[in-house]
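The values are calculated or read from the model by the stated rules, or taken from the named source; none is laboratory data. Bear in mind that the values here come from a model prediction, so they are computed numbers and not experimental data. Neighbour counts run over all protein chains shown; Cβ positions are idealised from the backbone, glycine included. When the accessible area is computed, the model is the full protein with side chains, heavy atoms only, and any ligands, DNA or RNA have been set aside. Shrake-Rupley method; radii C 1.70, N 1.55, O 1.52, S 1.80 Å.
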Amino acid sequence: MSQFKKIYSIQFKHLYYGTNQNDFINDFDIIPSLDTEVILKNYGMVMKQTSDSLVVLGETISGGTQLLRAVGATTKFRFYLKLKTKTFHNFTDIPLTGNDGKIYYFNNAESHIPGSGDLTGNLILLSAAHTTDYVDGAERLEALPELFIKNIPSSYNQVKIEDVYDSSNVVFDSGTTFLAGDIQFDLRGKVRPGRYKLTQSGIPIGNEFYIDSKAGSGVFGVIEILEVHGSNAPYKYVDNTGTIINPTYVLAFKNRSTIWKYFVKVNDTMILPPNSLRIGNAPVSFSTPLVSGSQAIFTSLEIPLLHKTYQNIILYQMVSDNGVYDSGTDIAVILNMPNPSVDIVKPGTYPAVYSEIFVYV
């Protein structure tokens, strides 16, 4: 009697959401490619989405750990990530400029065990050489359709376009013909979506790229889960005998920190211009304000943006000069100032990013 068991899962995490990660997965539509839908059907597999994960289950032999229909050496699951949240780039610590003809690319081709206290015990869908456990923009590849132009900087023969993870998959070979300059490559109907490299006699020319006719149609990123044959590496989801390993892969994002800048305008002549601002539940203070008449500008160091906003942001006129708000002597102006909106962030001198808040008293 067959039984479905979990083959692997992809967990989504974002520090912006703190302990309530259920909200994060709603930032994306997670869409299997058409060939992935075929794989799921042909191999007796089921894809399910939970509150914070994507789970793939497979039919096993007699309820054991062997897949009833073993996957092949070149089996590749591919999932597109389409953003549903317009402000995602604002509160996420990735380039503000968007994809710019690129696509975020994640896969399980290398083992990357997290070293952060925020993420433990799982495999990260980034390269093992990645400097952090979080997506930071370095994962972006140029996204190309099946018909594209590439520059060959010198006159070369033996120019090839090869699959980065499957050396047997060569989709173009110039042979003894010499190529130079801007060359148009027509791979329509010849190429399977994936990560490729341009080489000359095996030596890479330029950066790797992702070929997919759908990559430019509003796709933020793509996740590829490869079968990864070879040694029984920890990043595989089945071993060489077809036994399920059931790893949990993690796609993790870090929240953006911005410099908060409060512009306070005092319209009430009975209120002294405030000269101090403190966040009561966070170790963040603001610089001495720039005061001009009835206006004061308070500027912080970088503060991480949070979905659950900071409380007890106190705007006051300091009387007792002890560096903290004293309700007995200091004069409160506003006891709970607003957090900045993630709808708008303002780039300053790189890498500074500002959040501006306008308050009228």
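Observations on the model:
- Scanning region 102-117 for residues that are surrounded by 19 or more Cβ atoms within 10 Å (Cβ to Cβ) and of a type in the set (Ser, Thr, Tyr) yields TYR104, TYR105.
- Verdict on ARG192 being under 26 Å from TYR249 (Cα atoms), of a type in the set (Lys, Arg) and either modelled with pLDDT of 95 or more or surrounded by 17 or more Cβ atoms within 10 Å (Cβ to Cβ) (or both): no
- Residue match in region 264-272 (condition: of a type outside the set (Val, Ile, Thr), at pLDDT 75 or above and not in a loop (DSSP other than H, G, I, E, B)): yes
- Considering (1) in contact with a helix residue (DSSP H, G or I) (Cβ under 9 Å, 6 or more places away or on another chain); (2) modelled with pLDDT of 90 or more; (3) open to solvent by less than 30 Å² (accessible area, probe 1.4 Å), the lone condition that LEU83 does not fulfil carries the number (3).
- Here VAL38 passes the criteria (1) free of Cβ contacts under 8 Å to residues at least 12 places away in the same chain; (2) touching a helix residue (DSSP H, G or I) at 6+ places or on another chain (Cβ under 6 Å) except the one numbered (2).
- Residues located in region 121-171, provided they are open to solvent by 30 Å² or more (accessible area, probe 1.4 Å), in contact (Cβ under 8 Å) with a residue 60 or more places away in the chain and in contact with a Ser or Thr (Cβ under 7 Å, 6 or more places away or on another chain): ASN122, PRO145, GLU146, ASP166
- All of (1) open to solvent by 50 Å² or more (accessible area, probe 1.4 Å); (2) touching a residue at least 60 places away in the same chain (Cβ under 8 Å); (3) within 25 Å of LEU306 (Cβ to Cβ) hold for TYR16 with one exception: (1).
- If the condition is being in a strand (DSSP E or B), under 15 Å from ILE10 (Cα atoms) and open to solvent by less than 70 Å² (accessible area, probe 1.4 Å), then region 30-55 contributes ILE30, ILE31, PRO32, VAL46, MET47, SER53, LEU54, VAL55.
- With a requirement of 1 or more residues that are β-branched (Val, Ile, Thr) and over 16 Å from the mean Cα position of the chain (by Cα), the strands (runs of 3 or more DSSP E) lying completely within region 64-178 that satisfy it span 147-156, 159-163, 170-173.
- Test set (1) over 30 Å from ASP136 (Cα atoms); (2) open to solvent by 40 Å² or more (accessible area, probe 1.4 Å); (3) modelled with pLDDT of 75 or more - ILE314 fails condition number: (2)
- Check on LYS5, in a strand (DSSP E or B), open to solvent by 20 Å² or more (accessible area, probe 1.4 Å), modelled with pLDDT under 95 and not aliphatic (A, V, I, L, M): yes
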